[in-house]
Amino acid sequence: MNTPNPQLLRSLGKLARGLSALFWGLPAWLLVSVETAKVDLLKPLGLAPALALNLLLLFGLWQMADFQRQERPWRAALDRALLPGVVNLGLCPFLFWFSRMPEQLVFRAAMYVLVLSALIFVFNLNLVLKQLGAMLPDETLRQETQQFTALNRWLIVVWLLVAAVFLGAPEVLNFPLRFSTKIIFWLHHLETAVMLFLGLAPLAITMALIWKTKEVILDSVFGERN
């Protein structure tokens, strides 16, 4: 790759910074959101950690927006990721309120909307990574982002379908009494395992793609200048 001009170099620096913010922010955001909803370890801090990490994710996308502004598919993908990110930020207070009053239907409904918005955020973030991989001069990265972002999106869709089945048809889990208690116990645990896998696998793959994309940028651009 030829030595980039100062403006391109500056935009690539912001791009790498934004990817770093997303890489560290995604898992921390998940853990802090769960802890905030439980009001356990983070009780003294209230909403501050959840709000800070949501802002970190938005900051990451904002930094990336300076790269290739003229590319419409890239800009559209960023805008689609920003929208659920803003929704997540707005719903953050409900994490704390739900932990205090879980019996309130409004707060419980807000939790469902927040989960849906978070999944849409990860779904759209994979579209961002796909568009970014297509613009970077690395054929291996381009192929991997196309394959794994497609896999992630399918996993998220399957998660939503499975969740809809369990929420919309609770009788699937409330078997008649002729089934033994032990069978029902293991089926409940199987449901939890399936939901965790379908939820955490896309997050892990997304983080791996973010890290590799950042490394490609650093190696192909900044490495050549040393």
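The values are calculated or read from the model by the stated rules, or taken from the named source; none is laboratory data. Keep in mind that this is a model prediction, so the values were computed, not measured. So basically every Cβ, Gly included, is an ideal-geometry build from the backbone, and we count neighbours across all protein chains shown.
A few remarks follow.
- Top-ranked residue in the range 135-183 [being among the hydroxyl-bearing types (S, T, Y) and farther than 30 Å from S117 by Cα; ranked as modelled with the highest pLDDT]: T140
- Every listed requirement among (1) surrounded by fewer than 17 Cβ atoms within 10 Å (Cβ to Cβ); (2) at pLDDT 85 or above is met by F121 save one, (1).
- Any hit, the range 94-105, residues being free of Cβ contacts under 8 Å to residues at least 40 places away in the same chain, in a helix (DSSP H, G or I), touching a Phe, Trp or Tyr at 6+ places or on another chain (Cβ under 9 Å) and over 30 Å from A134 (Cα atoms): yes
- Residues in the range 73-88 include none that are over 26 Å from S20 (Cα atoms) and surrounded by fewer than 16 Cβ atoms within 10 Å (Cβ to Cβ).
- The one condition from (1) under 30 Å from L91 (Cβ atoms); (2) at pLDDT 70 or above that D219 does not meet is (1).
- Residues that are basic (K, R) and modelled with pLDDT of 70 or more within the range 1-46 comprise R10, K14, R17, listed in sequence order.
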